[in-house]
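The block underneath contains the structure these notes are about, expressed in structure tokens.
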Amino acid sequence: LYGLQNLTSWVADKRDILARRRELFIKLFKENNIGFELVSSGAYFAYVEHQYDNKNAYQVAQDLLDKENILSLPGTFFGPNQERFLRFAYANITRKEITDVIDRLNVSFNKP
């Protein structure tokens, strides 16, 4: 009851922060050739399709972790036929960290 009566502005602030993080993630995905296609995004997560024909989602997620220090979850964690998809969480990272992740994805994809 206290939350409903007293935390409306706090909730609104948190909602706005999450919306701005989502907007930044979408904007940076559109502006960069990072080898992944943004399929959907919500308040907390983005679902992306990877472009590697010779790797499954688990392998791509492992490569991103090992080579670029990026944590993502393979789409296969969420159901069958998700070998081309990864889930990225962005709700709990800063705007700078979102930019850094996109930069590292860009570097990783464009390495020879």
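The GNM of the chain, with springs linking C-alpha atoms under 10 angstrom apart, assigns the highest mean-square fluctuation among Val11, Val60, Val39 to Val11.
Based on the Cα gyration tensor of the chain, what are the three equivalent ellipsoid semi-axes, each the root of five times an eigenvalue, rounded to whole Å and given largest first? Mind dumping the intermediate values first?
On the way: eigenvalues 174, 52, 25 Å².
The answer is 30, 16, 11 Å, longest axis first.
Think of the chain as having a plus end and a minus end, set by charges on the Cβ of Lys, Arg, Asp and Glu; of Thr94, Ala57, Leu105, Thr94 sits farthest toward the positive end of this dipole.
Kirkwood Rh over alpha-carbon pairs of the range 47-90, then Stokes-Einstein at 25 °C and 0.890 mPa s: what D in µm² s⁻¹, rounded to an integer? Don't skip to the end; give the middle numbers.
Details: Rh = 10.1 Å.
In µm²/s, the coefficient rounds to 242.
The mean sequence distance of close C-alpha pairs (under 8 Å, at least 6 residues apart), as a share of the length of the range 24-112, puts its relative contact order at 33 percent.
With all protein chains in place and a 1.4 Å probe, the accessible surface of the chain carries 53 percent carbon and sulfur. Backbone geometry of the range 73-83 corresponds, through the Karplus equation with coefficients 6.51, -1.76 and 1.60 at θ = phi - 60°, to 3J(HN,Hα) couplings of 10, x, x, 5, 5, 10, x, x, 6, 10, 5 Hz, x marking Gly and Pro. Taking 27 Å as the straight-line reach from the Cα of Lys67, the lysines in range (excluding those fewer than 8 positions away in the same chain) are Lys27, Lys30, Lys55, Lys96, Lys111.
The values are calculated or read from the model by the stated rules, or taken from the named source; none is laboratory data. What you see is a predicted model, and the numbers here were worked out from it, not measured in a lab. FYI the Cβ positions are ideal-geometry reconstructions off the backbone, even for glycines, and counts take in every protein chain you see. Quick note on the areas: whole protein, heavy atoms, side chains included, nothing else; ligands and nucleic acids left out. Shrake-Rupley method; radii C 1.70, N 1.55, O 1.52, S 1.80 Å.
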